[in-house]
Amino acid sequence: MSRFVGTLHLARLALRRDRIVLPVWIAIFPLITVASASATMALYPDEASRMIAASAINDVPVAVALYGRIWDPTSLGALSLLKLAAMGGVMIGLLAIMLVTRHARAEEEKGRTELLGASVVGGWAGLTAAVIVAAVAMISIGVLSAGGLIAAGLPAAGSWAFGLAWATTGMAFAAISAIANQLTRTARSANALAFLVLAVAFLVRALGDATGDSEAPSPLSWLSPIGWGQQVRPYAGDRFAVLPITVAFIALALAAAYVLDSRRDLGAGLLPDRAGRATAPSSLASPIALAWRLQYGMLIGWLAGYLVVSAIFGSIINDLSGMLDTPQAQQMIEALGGTSVMLDAFMAMEFSIMAFVTAAYGIVAARRLATEETDGHTESVLATSVSRWQLLSSHLAVALVGTTLLALSQGAGFGLASAAQSGTLDRMGATMGASVVALPAIWLMVATVVLLYGFAPRLSYLSWALLVAFLLIAEFGALFEWPSWVTDTSPFAHIPKLPAAPMAWGPILVLLVLAAALIAAGTVRFRKRDLAAP
Amino acid sequence: MPDAIVITGLVKTFGATRALDGLDLTVRSGEVHGFLGPNGAGKTTCLRLLLGLYRADSGSATVLGLDPWRDSVALHRRLAYVPGDVSLWPNLTGGEVIDLLGRLRGGLNPQRRAELIARFDLDPRKKARAYSKGNRQKVALIAALSSDVELLLLDEPTAGLDPLMESMFRGLIGEWRGDGRSVLLSSHILSEAEALSDRLSIIRSGRIVETGTLDEMRHLRRTAVTVQLRGEPPNLAGIPGIHDVVVEGEHITCQVDADALDPLLASLASAGVTSLLTQPPTLEQLFLQHYEVGTAASSA
């Protein structure tokens, strides 16, 4: 067991490095959970109102695809925590992936593992410490959430089922991240690979849930760690017997990660580097060309993902009329104004969530400015005859063009999938419009990165906090009945909900002007500040 | 020809730390200027100010007649910089980085590039993440030296190079200089600075404490003298400027100020000299003297 020597020291070091951030994350998840449960209780006091709310989800395939099914329409707990089972599963998966990469591959890439590896530290200690940090976070979140839900007045068994399902889902992605950390050389690509697995896991269960019936999902949902978490069915059966599946998966995935770890050298991935070009292509001659060279791989990955996701949702939505055959659903459609209005409403719902995902890409792409500076690359570029504006505008352009391409590919994928089934391109214009209309809000998020970067590269991290806050407003603002001055702070709240609502140019114009103003202010500030020491 | 770099009274603070505290420095056109100081003395801060990466709190700096903060783009077309800690894009090859940096500066000489790659024995097809520290340094040096520029700013450029490459680098700088081209060479490797530099400046706590040629610096310092006499040693105590006299029979060692050498030799000659050894102070002694005095003063 000499390979584990020093694990506890490293784990303590990692926990110390994260002593601020980690408690914040550990607190946020249970707080949202408890707040969401309490608000739902107030909103649906009796069983009848809960039945109606549940059928509004269960009878709509897009909603089932996004959130999963409510397995017991009378259950208060199942209704309260619906959004947190699927979306929360994704969020906790993201956290677990990033925690493992931050303490495993990122440390190795920066050369700190080498420094520690020369002392009395075993070969597996680094990976184990990273997994321990993730486990501490996941178990804390699970236990605190369960405790909070019990305190809020929900049944104990269901609360524990929920907490444990969350913790195990998170750990499953920690284990997936541990494998990804062995396969790639850089932290950035390890995260990207694990995020891809997370996205596929979400889509697989989305398809499985949407194509299942009221008794069980299709077998597809059983191929996804997020699906396993949902099939524990908290407050709707409390099937603890599902948990061992996730636990067995975690054990197998971790074992695979350790085997891979012992088969590679320090700093290496599993795929060896091939010799590259001895000279640069003639196009690589400007800051914008460099930014493109550094970022195009990630953008192509995102574009491919967007086409797949929107094609899947496009075809689900088009199946809507065929699948909505329950009497309640028919009634609801009549009440809301017919199938076409319903289609538009679901499309608006899907696209308003995807706007946050596109904004996340925009933040990643624009924040490359910050990582380039802290990695010491910006120093080399600015020491040549490149102006600060040229440098800043290079990654900004990638972020703006990239988010635009993503919005277009989403609209196109959605429209084409819909056309493939209906045989006409009639809806193409509507889907493109609904997708592109969110761009001003997305660009405003990119602009916040530029503004913060203008002050200091590390500050640009705050754009993530803003995005999370706006996402909470969008998902929970109505539920919590937050005052409008709170919900109106989110730029996403002002996007016209095309095609369900009419176009409004006023807010679009305001968002564009704001984005331009923030970018201008960030640029002015950046031109006056010292470069950060690497 | 105007001076390549003129700095007067430059001050740069980071919070409570005064990294540069009224620094004055002149690099003449066509000279290699050694910039000496230990870690943390302010060398890198000074170079980053000269590149317009930092903005000075007060004082002025002129590089090739331009303001490094305001005119940085025009200025950088005429100079090249090799940072002390070279960080390259991990997924670009060394060859690509050389071309990129050269083109961003405004062009590079392909023949010179090929020649330098051969002389530094660099494999330009490797991805930058696979390079050792020394190889990353070679990439930055080749990128800098392939461009047709008037001024080189080098921040401890040989820190990661092996002795063979280090001596090759010295040869290169020797060839490169001339034609009015200047170099500011920051270093703490004294032998390198001594071998390459026309003039030297020693920086301590953000100020230049001494500047000049090595000879000028030596001139102000004591020379160590060891003498073997034929007869009775003369009394040296009366001559001003002679210090630390140790007499052992007919053998004398002492430290002599430059202007006390004449009276010393006259007085020794009368006693009859069998052997005489004089040692001017080495750069290392000069350097250590400044820092030992500094530490003593600051701890007092």
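The values are calculated or read from the model by the stated rules, or taken from the named source; none is laboratory data. Just so it is clear, the structure is predicted and the values come from calculations on it, not from any experiment. Positions of Cβ are backbone-derived with ideal geometry, glycine not excepted, and every protein chain shown enters the neighbour counts. The accessibility values were calculated without ligands, DNA or RNA, using every heavy atom of the protein model including side chains. Shrake-Rupley method; radii C 1.70, N 1.55, O 1.52, S 1.80 Å.
Scaling against 2.2 N^0.38 Å puts the C-alpha radius of gyration of segment A:43-83 at 1.03. Of the residues A:9, A:377, A:494, ranked by 1.4 Å probe accessible area with the largest first, the sequence reads A:9, A:494, A:377. Test of understanding: given chain A, find the longest segment containing no GluC sites (Glu not before Pro) that are in a DSSP loop and have at most 16 other Cβ atoms within 10 Å. After excluding every exposed loop site, the longest remaining stretch is A:216-480.
Within the listed set B:42, B:34, B:238, the residue fluctuating most in the Gaussian network model of chain B (springs between alpha-carbon atoms under 10 angstrom) is B:238. Partner lysines whose Cα lies under 19 Å from the Cα of residue A:528, excluding those fewer than 8 positions away in the same chain, are identified as B:12. Cross-link partners for residue B:133 among the lysines, with Cα-Cα distance under 23 Å and sequence neighbours closer than 8 places in the same chain left out: A:110, B:43.
If you find the alpha carbon centre of segment A:90-125 and of segment B:127-187, how far apart are they in angstrom? Their Cα centres are 34 Å away from one another. Look at the stretch B:98-110: the mean tally of other chain Cβ atoms within 10 Å of its residues' Cβ atoms is 5. Remark: mean inter-chain Cβ contacts per residue of B:42-55 equal 3, using a 10 Å Cβ-Cβ cutoff to other protein chain atoms.
Within chain A, helices built from complete DSSP H runs that reach 18 Å or longer along their own axis (Cα positions) and carry a mean Kyte-Doolittle hydropathy of -0.5 or higher are A:21-43, A:82-103, A:125-151, A:156-183, A:187-211, A:243-262, A:287-318, A:339-374, A:388-422, A:439-455, A:462-476, A:505-526.
Bridging of residue B:138 to aspartates and glutamates at a Cα separation below 14 Å is possible for B:85, B:96, B:99, B:115, B:121, B:123, B:155, B:156, B:162, B:166, once same-chain residues fewer than 8 apart are set aside.
Whole-Å semi-axes of chain B's equivalent ellipsoid, largest first, each the root of 5 times a Cα gyration tensor eigenvalue? Could the numbers behind the result be given before it?
Numbers: eigenvalues 386, 104, 57 Å².
They are 44, 23, 17 Å, listed largest first.
Size of segment A:445-499: Rg and Dmax of its alpha carbons, in Å, are 13.1, 40. Seen against the Cα atoms of chain B and their longest principal axis, helix B:133-145 is set at about 80 degrees. Around residue B:219, under 13 Å between beta carbons, what's the net of Lys plus Arg minus Asp minus Glu among the other residues? Result for the neighbourhood of residue B:219: -2. In units of the rule-of-thumb radius 2.2 N^0.38 Å, segment A:284-534 shows an alpha carbon radius of gyration of 1.13. In whole angstrom, the protein assembly as shown maps to an equivalent ellipsoid with semi-axes of 67, 30, 23, each derived as √(5λ) from the alpha carbon gyration tensor and ordered largest first. Axis angle, to the nearest 10 degrees, between helix B:163-176 and the longest C-alpha principal axis of chain B: 80 degrees. Annotation: amide H-H contacts under 5 Å for residue B:81 (H modelled 1.01 Å from N, sequence separation of 5 or more, or interchain): B:153. Burial here means at least 50 square angstrom less accessible surface with every protein chain in place than with the chain by itself, probed at 1.4 Å; in segment A:376-418 the buried residues are A:377, A:379, A:380, A:383, A:384, A:385. Between B:52, B:174, B:249, the Gaussian network model of chain B with springs among Cα atoms under 10 angstrom shows the greatest mean-square fluctuation at B:249.
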